[in-house]
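See structure below.
The values are calculated or read from the model by the stated rules, or taken from the named source; none is laboratory data. All values derive from a computational prediction rather than experimental measurement. Please note: Cβ atoms are built from the backbone with ideal geometry, for glycine as well, and neighbour counts cover all protein chains shown.
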Amino acid sequence: MSTQTVNNAQAHESMFDAVLARLDAAAKLMNLSSDVLNVLRNPQREVKVSLPITMDNGKIEVFEGYRTVHSTHLGPSKGGIRYAMDVNSDEVRALAAWMSFKCAVANLPYGGAKGGIKCDPRAMSVGELERLSRAYAQSMKDVFGVNRDIPAPDMGTSGREMAWILDEFNKVTGEDSPGVITGKPIAVGGSLGRDAATGRGVMVNTLAALKKMNLKPTEVTAVVQGFGNVGSHAARLLAEKGIKIVGIGDHTASFYNSNGIDIKAALDFVAKNNRVLKGFTGATEINANELLISKCDVLVPGALQNVITIDNASKIQAKLIVEGANGPTTPEADPILNEKGIICVPDILANSGGVTVSYFEWVQNKAGYYWTEDEVNTKHDLKMEIAFEAIWNNTTTYKTSMRIAAYITALQKIEQGVKLKGAF
Ligand code: NAD
């Protein structure tokens, strides 16, 4: 299977520096106290582990595992676990900090964390992945906890890995505590609506932004990069709202069709094709680098970080970017987008639907009482609309972009937590 080369010339720059650049800009604009800024520039806890795994061929391979807790000022830390070859301490630190800001933006009683294992899940057998996930859960027994640090799926992981991690954690602690991890399959305490939640949040944010822009969903087109959890649900839900999806792509292939792509056909295709788009015939195959700059009104980068850079930002034709992925836009690309008048709904708002429904899952696990999918979706949509409105208002109050306004909104809340809880 070939991997497409995406135009991410700056992918090797520090992602945590990208977080700090935005954090500093927001802090300056809102006059955040230097004490609070200093606290938030430094993650609370960083754990790195070695995970020796017996591979199917009998050889032992040692994998690197990470978990970073960025903050716990608003509650226990929350954040996903990523399985990918480019996982490293800098990336996990950046993703953990984004989780702090994301949870604050979505009005959730959580701090932020993130974890990951440097591995290629597509090249591993199910047995190898299970042993790796269980080893990771064991090594994190003093980090995770239902009221301490609550992981969830991220890139390269899904409900399957969450169930293994839950089982191993429960074995180690001797307690059955389903709320210690979210994004679980329904049968073991997952929430209805969680699987589609991040894509749903992208859809709600897109509709909210289009309304502010006086654009009707039925009159606009969209391109979605990534056809995994976030991208596929986002594309499906946007299409259901009448938006014409003209471009889709994953790590194997990208496609464009100005007449609109039948998303149901694409979903059926990947379901039968090892979850990848290569070979899809419902649109013309294009180069990966063309996808993001192709003609559309709404662009949803929903795959990976650092894909909108100084190299391609000026060529983007969309009027609205809704960041399904974490960190798809580099700090250097931000001013180019702003100058072009492109509205960008930032990741910490746009993809906060996932953690919002993870929170609902945790609440249901704690209560031992489960909601209908309609209840979950209704509560989710309302929370997203409130979060969007607060940030939109802060763009006017602070005369800034939605990204910096989102950071300001988050910092206004976290600042209270830091000040009220105090320091040593
Ligand atoms: P996933 O593993 O389900 O899917 C990732 C998708 O990205 C796949 O379709 C893959 O083919 C594609 N991809 C990988 N490399 C690519 C490349 N070079 N070019 C084009 N496409 C490529 O992951 P996901 O859960 O959908 O996560 C995607 C992004 O969304 C990540 O940044 C993740 O951190 C973020 N996110 C996920 C969630 C969630 O609930 N899953 C929540 C918030 C944010």
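Within segment 132-161, being buried (at least 18 other Cβ atoms within 10 Å of the Cβ) and closer than 24 Å to Leu74 by Cα holds for Met140, Val143, Phe144, Val146, Asp149, Ile150, Pro151, Ala152, Pro153, Asp154. For segment 89-105, the set of residues classified as of a type in the set (Gly, Ala, Ser) and either in contact with an Asp or Glu (Cβ under 9 Å, 6 or more places away or on another chain) or not in a helix (DSSP H, G or I) (or both) consists of Ser89, Ala94, Ala96, listed by residue number.
If a residue counts only when it is within 16 Å of the ligand (Cβ to nearest atom) and among the aliphatic types (A, V, I, L, M), which helices (runs of 4 or more DSSP H) contained entirely in segment 281-354 have at least 1 such residues?
Working: elements: 288-291, 334-339, 347-350.
Those helices (runs of 4 or more DSSP H) span 288-291, 347-350.
All conditions but one from (1) under 17 Å from Ala84 (Cβ atoms); (2) assigned to a loop (DSSP other than H, G, I, E, B) apply to Glu128; the one that does not is (2).
The number of residues in segment 267-280 that are in a helix (DSSP H, G or I) and within 11 Å of the ligand (Cβ to nearest atom) comes to 1. The single condition among (1) touching a residue at least 24 places away in the same chain (Cβ under 8 Å); (2) of a type outside the set (S, T, N, Q); (3) out of contact with any Phe, Trp or Tyr (no Cβ under 9 Å at 6 or more places or on another chain); (4) part of a loop (DSSP other than H, G, I, E, B) that Gly58 does not meet is (1).
For segment 233-266, a residue qualifies if it is within 13 Å of the ligand (Cβ to nearest atom) and small (Gly, Ala, Ser), and the qualifying residues are Ala234, Ala235, Gly247, Gly249, Ala253, Ser254, Ala266. Within segment 314-329, one or more residues are on the phi > 0 side of the Ramachandran plot and modelled with pLDDT under 95.
Tell me which residues, restricted to segment 139-196, are in a helix (DSSP H, G or I) and within 16 Å of the ligand (Cβ to nearest atom). Talk me through it step by step, then tell me what you get.
Restricting attention to segment 139-196, the residues satisfying the condition of being in a helix (DSSP H, G or I) are 139, 159-173, 178-180, 186-188, 194-196.
Scanning segment 139-196 gives Gly159, Arg160, Glu161, Met162, Ala163, Ile165, Ile186, Arg194, Asp195, Ala196.
One residue stands out in segment 239-265 among those that are out of contact with any Phe, Trp or Tyr (no Cβ under 9 Å at 6 or more places or on another chain) and part of a strand (DSSP E or B): the one that is farthest from Thr206 (Cα to Cα), namely Ser254.
Would you confirm whether or not segment 219-226 contains a residue that is within 14 Å of the ligand (Cβ to nearest atom) and without any contact (Cβ under 8 Å) to a residue 60 or more places away in the chain? No - not one qualifying residue is present in segment 219-226. Here Thr206 passes the criteria (1) closer than 19 Å to Ser352 by Cβ; (2) outside the structural domain of Gly242 (by TED's automatic domain parsing); (3) polar (S, T, N, Q); (4) more than 13 Å from the ligand (Cβ to nearest atom) except the one numbered (2). Summed over segment 8-42, the residues that are in a loop (DSSP other than H, G, I, E, B), surrounded by 14 or more Cβ atoms within 10 Å (Cβ to Cβ) and modelled with pLDDT of 95 or more give a count of 2.
Looking at this structure, is Thr206 surrounded by 24 or more Cβ atoms within 10 Å (Cβ to Cβ) and not small (Gly, Ala, Ser)? Spelling it out, Thr206 is indeed surrounded by 24 or more Cβ atoms within 10 Å (Cβ to Cβ) and not small (Gly, Ala, Ser).
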